[in-house]
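Below: one structure, written as C-alpha cells.
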C-alpha cells in the first residue's frame with residue numbers, strides 16, 4: 001500500500017489568504033504522515049522553480065499539478081512530470097485567464113489549453129465544495145479517473161455507490177510556517193510503486209483505494225498525531241483528566257461538518273426558559289412540515305395579496321359618480337363630448353386560466369403512462385388528441401381576440417384623452433366590472449380558506465424515538481403570539497384587532513412596514529407542536545432532554561461525523577441502555593461516531609468497533625498524555641508510540657472502577673440472587 | 001328576473017328585482033349588488049332604446065350601465081368556471 005496526497009498548496013493565489021511556504025514543514029509533513037507520493041496543486045498556477053526545489057528536498061515522488069477553477073467548480077489536473085516546460089506554459093495560460101477570486105474558466109477554454117487530456121490525471125471536486133457541475137463532469141468523463149471527497153463518510157458512500165467515481169481523500173493543506181497540525185487526510189492505493197501509470201491504474205479501480213494501510217475502509221487517520229478511528233463506532237475510555245474531551249475537541253477541529261454533542265449541553269437548567277427554547281427548537285425542527293402543510297395556503301395568500309377589493313370599490317364609486325355627473329351636465333355637451341368614443345368603455349380583456357388548465361389536463365391524460373389502461377378503457381387517445389388540438393386552437397383564437405381588445409383599448413384611451421382636452425364636459429371614468437367581480441369572489445373564497453385553516457384540528461401525530469410529536473393548528477390568541485412569529489420588531493395590535501376578518505387582516509398586514517409579503521401566510525394560523533411521552537402525557541424536563549439527545553443523534557445523519565461527550569453525565573443508565581445505544585449503533589453504520597465515556601452501560605454494552613484509551617502518565621515531572629487504540633477483541637491496545645497495554649485492564653479500570661471493585665460488585669449481586 | 005327597466009321615458013333599477021328606483025339614484029352599493037345579480041342566472045333588463053328614454057340624463061346613465069352588464073353577461077360562463085376553481089384545492093385540503 002502506498003499513501004498519497006495529491007492536493008497540496010504551496011503558493012498563495014488570489015483564491016487564498018496570504019501564507020508563507022515552509023520547506024521544513026513540507027519535509028516534516030511527508031515524514032510524519034509517512035507519505036509515498038504527493039502532487040503540488042496550487043490554485044490556477046504552477047511555480048516551476050519551487051516545484052523543482054520541493055522535488056529535490058523530499059525523498060518521495062512529487063508530481064506537478066494545478067487546481068483549476070472550472071465552470072464554477074474546481075478540478076485537480078496532475079501531470080506525469082515529463083514535459084515540465086510545456087506544463088508550465090499551459091498553467092501560465094490558465095493563470096492569465098483567472099484574474100479575480102470569482103473567475104472560472106469554461107470547458108472550451110480548458111480544452112483549448114490542454115488539448116490532449118489523456119496525458120493527465122483529472123480529479124474533480126466531487127463530493128466536496130465547490131463541486132464540478134454535472135455538465136462539466138459529463139464533458140470530461142473520458143478523462144476523469146477519480147473524484148475528490150471531503151470526509152471518510154463520503155469516501156465510503158462513493159465506494160459503495162456503483163454509479164460514483166473512485167473516491168480520493170486529500171489534505172488540501174497550505175504548507176505554511178504557521179502550520180501547527182498536519183492533516184490526517186490522505187488516500188492509500190494498492191500499488192507496488194508510486195509511478196504515474198500505477199496511480200492511474202489504481203484510481204480506475206475502487207478496490208485499490210482505501211482510508212488505511214491495513215484495515216481498508218474500516219479505519220481512517222483521524223489526527224495528525226497518528227490517531228486512527230473506525231468508520232463505525234468508536235469509544236474513547238479513560239479516567240478523569242486523561243485527555244478524553246481534549247481528543248474529542250481535536251477531532252472536531254480537524255474535520256468539517258461534524259455534529260458535536262457536548263457534555264451537559266442538553267441538560268435543563270432553567271425550566272421555564274429551557275421549555276420555551278425547546279418549543280422553539282421543536283417548531284424549527286418541524287419547519288419543513290409546517291412549510292409543506294401551508295404551501296397551498298401560502299399560494300392563496302400570495303394570490304390574494306394582488307387583489308385590492310377596497311381599491312375596486314373606490315373605482316366603482318368613481319365610475320357611478322362620474323357617470324351621474326356626466327349625465328347631469330349633458331347640456332354642456334359639445335362637439336367633442338358628443339363623440340361616441342368620448343364615453344366609450346374599454347373592452348374586457350378576460351383571462352385564459354380556464355382554457356390553459358383544460359389543455360394541461362387533456363395533455364396529462366394523453367401523456368400519462370401509469371394509468372394508461374384505465375384512461376384507454378374510457379376514452380381513446382385519438383379523441384383526446386383531437387380535443388387537445390381543438391382546445392389549443394380555441395386558446396389561440398381567444399389570445400388573438402384578447403390582443404386585439406388590448407390594442408383597441410389603447411386606441412380608445414388615447415382618443416378619449418384627446419377629446420377630453422377640448423371639452424368642459426366631465427368624462428365617465430371607466431371600469432372593468434368583470435375584474436371587480438373576480439376580486440369580490442376571491443375575497444369571499446379567501447375567507448372560506450382562512451376559516452378552514454384556522455379551525456382547530458390535530459394535523460400531525462408521529463412517533464419519534466419512543467416519543468410522539470403532535471401538531472395542532474388553531475387561531476392565534478393574541479397580538480403577542482403573532483409578534484413571536486416575526487423576526488422583526490413590529491407591532492401587531494391593529495392587525496390582531498382585524499384578525500377575525502381575513503381580508504381586513506391581510507389589508508392591515510400590508511400596512512406593517514418591514515413585513516415581507518412572502519411571510520403574510522404565517523400569521524393566519526398557529527401551528528403548535530407538542531411532544532408527548534410514551535404514556536401520552538406532556539414531557540417532563542428530563543424527558544425533554546432525552547428527546548433532544550435522541551433527536552440530535554438521529555439528525556446527525558446529515559453530518560459527516562458524530563461526537564458525543566459523556567452522555568452518562570446527563571442521562572440515566574436505563575435510558576442509555578434501552579434507547580440511546582441502539583440508535584448510536586445504527587447511526588455508526590452511516591457515519592463515524594466517537595463516544596467518550598467511563599460508564600460501563602455505554603462503554604461495554606454499546607459494542608464498539610474500535611476502542612481508544614486515554615492515559616496520563618508522569619515521567620521526570622513531565623506529564624504525558626498517551627493514546628492507545630485497538631479493536632474490542634484485541635488482547636492489547638497499541639499506543640501511538642508503539643507501546644502496548646492490556647485491553648481487559650483498561651476496560652476494568654475505566655468502566656468498572658478496577659478489578660477488585662468489579663469482583664466485589666459481582667459478589668454483591670450473587671448474594672442478592674441467592675436471597676431470591 | 002328584471003333588474004333594469006324603462007318606463008315613462010325614464011330608466012329604473014331594482015337591486016332585489018322588486019323595489020324600483022330611478023336610475024339617476026343609483027350609487028356604488030347598488031351597482032355592486034347588481035353586479036352580484038348580473039353574474040348569477042336569471043338576470044334580465046330592458047334593452048336600451050334611445051327613443052323610449054326621453055329623459056336625457058337617464059338615457060346616458062341607463063345606456064352606460066346597460067352596456068356594462070351586456071358585456072359582463074357575455075362572460076358569465078367564464079366567470080362561473082373560473083370562480084369555481086378559485087382556491088378550490090386549498091379549501092378542500094384544509095377542510096379535511
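The values are calculated or read from the model by the stated rules, or taken from the named source; none is laboratory data. Note that the structure is predicted; figures quoted are calculated from it, not measured. Because the Cβ atoms are built from the backbone with ideal geometry, glycine has one as well, and the counts that use them run over all protein chains shown.
Test residue A:162 against the criterion of being in the same structural domain as residue A:64 (by TED's automatic domain parsing) and out of contact with any strand residue (DSSP E or B) (no Cβ under 7 Å at 6 or more places or on another chain), and give yes or no. Steps first, answer last, please.
Values: in the same structural domain as residue A:64 (by TED's automatic domain parsing): yes; out of contact with any strand residue (DSSP E or B) (no Cβ under 7 Å at 6 or more places or on another chain): yes.
Considered against the rule, which asks whether it is in the same structural domain as residue A:64 (by TED's automatic domain parsing) and out of contact with any strand residue (DSSP E or B) (no Cβ under 7 Å at 6 or more places or on another chain), residue A:162 comes out as yes.
Anything in the stretch A:207-226 that is buried (at least 19 other Cβ atoms within 10 Å of the Cβ) and modelled with pLDDT of 90 or more? List them, or say none.
Matches in the stretch A:207-226: A:209, A:210, A:211, A:219, A:220, A:221, A:222, A:223.
Taking only the stretch B:1-23 into account, find how many residues are more than 16 Å from residue B:66 (Cβ to Cβ) and buried (at least 21 other Cβ atoms within 10 Å of the Cβ).
Matching residues across the stretch B:1-23 total 0.
For residues that are part of a helix (DSSP H, G or I) and more than 9 Å from chain B (Cβ to nearest Cβ), scanning just the stretch A:426-440, find the one that is surrounded by the fewest Cβ atoms within 10 Å (Cβ to Cβ). Full working, then the answer.
Start the filter on the stretch A:426-440 by keeping residues that are part of a helix (DSSP H, G or I), which leaves A:433-440.
Imposing the further condition that a residue be more than 9 Å from chain B (Cβ to nearest Cβ) reduces the set to A:435, A:439.
Values: A:435: 16, A:439: 20.
Among those that are part of a helix (DSSP H, G or I) and more than 9 Å from chain B (Cβ to nearest Cβ), it is A:435.
Residue A:638 passes all but one of (1) part of a strand (DSSP E or B); (2) over 16 Å from residue A:222 (Cβ atoms); (3) free of Cβ contacts under 8 Å to residues at least 24 places away in the same chain; which number fails?
Against the list (1) part of a strand (DSSP E or B); (2) over 16 Å from residue A:222 (Cβ atoms); (3) free of Cβ contacts under 8 Å to residues at least 24 places away in the same chain, residue A:638 comes up short only on (2).
Checking the structure you have, find out if any residue of the stretch A:475-485 is at pLDDT 90 or above, touching a strand residue (DSSP E or B) at 6+ places or on another chain (Cβ under 9 Å), on the phi < 0 side of the Ramachandran plot and surrounded by fewer than 19 Cβ atoms within 10 Å (Cβ to Cβ).
Yes, there is a match, as at least one residue in the stretch A:475-485 is at pLDDT 90 or above, touching a strand residue (DSSP E or B) at 6+ places or on another chain (Cβ under 9 Å), on the phi < 0 side of the Ramachandran plot and surrounded by fewer than 19 Cβ atoms within 10 Å (Cβ to Cβ).
Filter the stretch A:1-16 down to residues that are assigned to a loop (DSSP other than H, G, I, E, B) and in contact with a helix residue (DSSP H, G or I) (Cβ under 8 Å, 6 or more places away or on another chain) and give me whichever is nearest to residue A:210 (Cα to Cα).
A:10
Going by the structure shown, is residue A:447 under 30 Å from residue A:551 (Cα atoms) and within 12 Å of another protein chain (Cβ to nearest Cβ)?
So residue A:447 does not fit the description; no.
Residue-wise test of (1) within 22 Å of residue A:81 (Cβ to Cβ); (2) touching a strand residue (DSSP E or B) at 6+ places or on another chain (Cβ under 6 Å).
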| residue | (1), (2) |
| --- | --- |
| A:172 | yes, yes |
| A:182 | no, no |
| A:187 | yes, yes |
| A:199 | yes, no |
| A:203 | yes, yes |
| A:206 | no, yes |
| A:215 | no, no |
| A:221 | no, yes |
| A:225 | no, no |
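Could you pull out every one of the helices (runs of 4 or more DSSP H) wholly within the stretch A:26-138 that has 1 or more residues that are at positive phi and surrounded by fewer than 19 Cβ atoms within 10 Å (Cβ to Cβ)?
In the stretch A:26-138, no matching helices (runs of 4 or more DSSP H) lie anywhere.
Of the residues that make up the stretch A:252-272, is at least one outside the structural domain of residue A:504 (by TED's automatic domain parsing), in contact with a strand residue (DSSP E or B) (Cβ under 7 Å, 6 or more places away or on another chain) and part of a helix (DSSP H, G or I)?
Yes, the stretch A:252-272 has at least one match.
Return the total of residues in the stretch A:602-634 being part of a strand (DSSP E or B) and either closer than 19 Å to residue A:592 by Cα or in contact with a strand residue (DSSP E or B) (Cβ under 9 Å, 6 or more places away or on another chain) (or both).
Of the residues in that region, 17 qualify.
Among the candidates A:292, A:302, which residue alone is loosely packed, with under 12 Cβ neighbours inside 10 Å, within 14 Å of chain B (Cβ to nearest Cβ) and either more than 20 Å from residue A:553 (Cα to Cα) or more than 25 Å from the chain's Cα centre (by Cα) (or both)?
Matching residue, one of A:292, A:302: A:292.
In the stretch A:129-148, how many are under 29 Å from residue A:82 (Cβ atoms) and in contact with a helix residue (DSSP H, G or I) (Cβ under 9 Å, 6 or more places away or on another chain)?
9
From (1) more than 14 Å from residue A:529 (Cβ to Cβ); (2) out of contact with any helix residue (DSSP H, G or I) (no Cβ under 8 Å at 6 or more places or on another chain); (3) within 14 Å of another protein chain (Cβ to nearest Cβ); (4) in contact (Cβ under 8 Å) with a residue 12 or more places away in the chain, pick out the condition that doesn't hold for residue A:477.
Evaluating residue A:477 over (1) more than 14 Å from residue A:529 (Cβ to Cβ); (2) out of contact with any helix residue (DSSP H, G or I) (no Cβ under 8 Å at 6 or more places or on another chain); (3) within 14 Å of another protein chain (Cβ to nearest Cβ); (4) in contact (Cβ under 8 Å) with a residue 12 or more places away in the chain leaves (3) as the failure.
I need the full set of residues from the stretch A:229-249 which are part of a strand (DSSP E or B) and within 21 Å of residue A:646 (Cβ to Cβ), in order please.
Going residue by residue through the stretch A:229-249, those that are part of a strand (DSSP E or B) are A:229-230, A:233-238.
A:230, A:234, A:235, A:236, A:237, A:238 - these are the residues of the stretch A:229-249 that are part of a strand (DSSP E or B) and within 21 Å of residue A:646 (Cβ to Cβ).
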